[in-house]
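Contents: one structure, followed by commentary.
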Amino acid sequence: MKLKPSLWIILLSLLWAPAFLLMKIAVHEIPPFTLAAVRVLLAALLLTAVLWQQKLRFPRWKETWWRFAGMGLFLNALPYLLVSWGEQYVDSGLASLLIGTDPLFTMLIAHFFIADDRLTPQKALGAAVGFAGLGLLAVPQIIGGISAMFGGILAVTAAALSYGIGGVFAKKHQPQTKPMVTAAAQLWWATLFLLPLSLIWERPFTLTVPSLGVMLAVVALVVVCTALTYVVFMWLISFTKVTQLAMIAYLVPIFGLILGIVVLGERPDWTAYAGGALILLGVMVVNGRFAQRQTPSQPELTLPEPTPGD
């Protein structure tokens, strides 16, 4: 890997990984529907301003918008909401590791819907290893009785599944528009999905004004971990190979885990480290990191958010 793409990939991962930390801080005072709605609304406004500055426009033809709606639902609205809800009960570092299962879900879904991305023995082995790591994270919570923490694990894992569905949907139905236009349009659709639900269920206008620290966390989440990462990512894919971009799937969970430990003082137990290692190992096997010839599995479509953290 050349130096320049390597540095940009590390930078993008560093921009993306704090999303889990920032959501953990914000969700203490802002309920999950409202947090997710504010995130996509403000990010959509920022990216629309970028489009205006670049003199780019949204497409006018009607048949394009259902594509944006599907991407906005599975790549933004659902995962942002599920991770925000889940982080009420799980550490930010654990959430970042769970989102790392996204490429595994993508690979399984792609087998059924994308003709040239079928399951191979190598991918099956990687999926088995990765999901064994997921089981190592979840099973202790089941043995000890169904708990709120298990619900959080389930929610964040569902967010990773949503990213997988969104990645395959985007692969099959992505409109032929500028990447920045696509990103802004799907964020507007995510806003349409989330904002009414926030207003009806959580009535954010009745909530206490968040503390300064939480408001700064939301600003950083919107500006750095959502809008800026989209700009950098869309620019990066124009000159970086798919197999190089796959490194983001390995770096974001690691950085997210470290940030949770250093900033929030989280203390993951051994199952988090072991399960996270198995998940990352499984993703590496799926992406062909241990093969002489690598077969990309479209990771550029499965990394939102952060992922997300997405």
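The values are calculated or read from the model by the stated rules, or taken from the named source; none is laboratory data. These figures come from a predicted structure and were not determined experimentally. Here the Cβ is made from the backbone with ideal geometry for all residues, glycine too, and neighbour counts use every protein chain on show. Surface accessibility is based on the protein's heavy atoms, side chains included, excluding ligands, DNA and RNA. Shrake-Rupley method; radii C 1.70, N 1.55, O 1.52, S 1.80 Å.
A few remarks follow.
- Residues within the range 139-157 that are crowded, with 19+ Cβ neighbours inside 10 Å and among the small types (Gly, Ala, Ser), tallied: 2
- In the range 109-123, the residues that are part of a helix (DSSP H, G or I) and surrounded by 15 or more Cβ atoms within 10 Å (Cβ to Cβ): Ile109, Ala110, His111, Gln122, Lys123
- Boolean, Leu221 is closer than 19 Å to Ala17 by Cα, surrounded by 19 or more Cβ atoms within 10 Å (Cβ to Cβ) and of a type in the set (A, V, I, L, M): yes
- With respect to (1) under 21 Å from the mean Cα position of the chain (by Cα); (2) open to solvent by 20 Å² or more (accessible area, probe 1.4 Å); (3) polar (S, T, N, Q), the lone exception for Ser198 is condition (2).
- Sole exception among (1) within 20 Å of Ala132 (Cα to Cα); (2) at pLDDT below 90; (3) open to solvent by 10 Å² or more (accessible area, probe 1.4 Å); (4) not charged (D, E, K, R) for Val286, by number: (3)
- Meeting the requirement of 2 or more residues that are modelled with pLDDT under 95, among the β-branched types (Val, Ile, Thr) and touching a Phe, Trp or Tyr at 6+ places or on another chain (Cβ under 8 Å), the helices (runs of 4 or more DSSP H) wholly within the range 228-282 are 229-236, 247-264.
- For the range 51-74, taking the residues that are assigned to a helix (DSSP H, G or I) and farther than 20 Å from Ala170 by Cβ, the one that is least open to solvent (accessible area, probe 1.4 Å) is identified as Gln53.
- Candidates Ala26, Ala77 - the one that is among the aliphatic types (A, V, I, L, M) and either within 13 Å of Val219 (Cα to Cα) or surrounded by fewer than 18 Cβ atoms within 10 Å (Cβ to Cβ) (or both): Ala26
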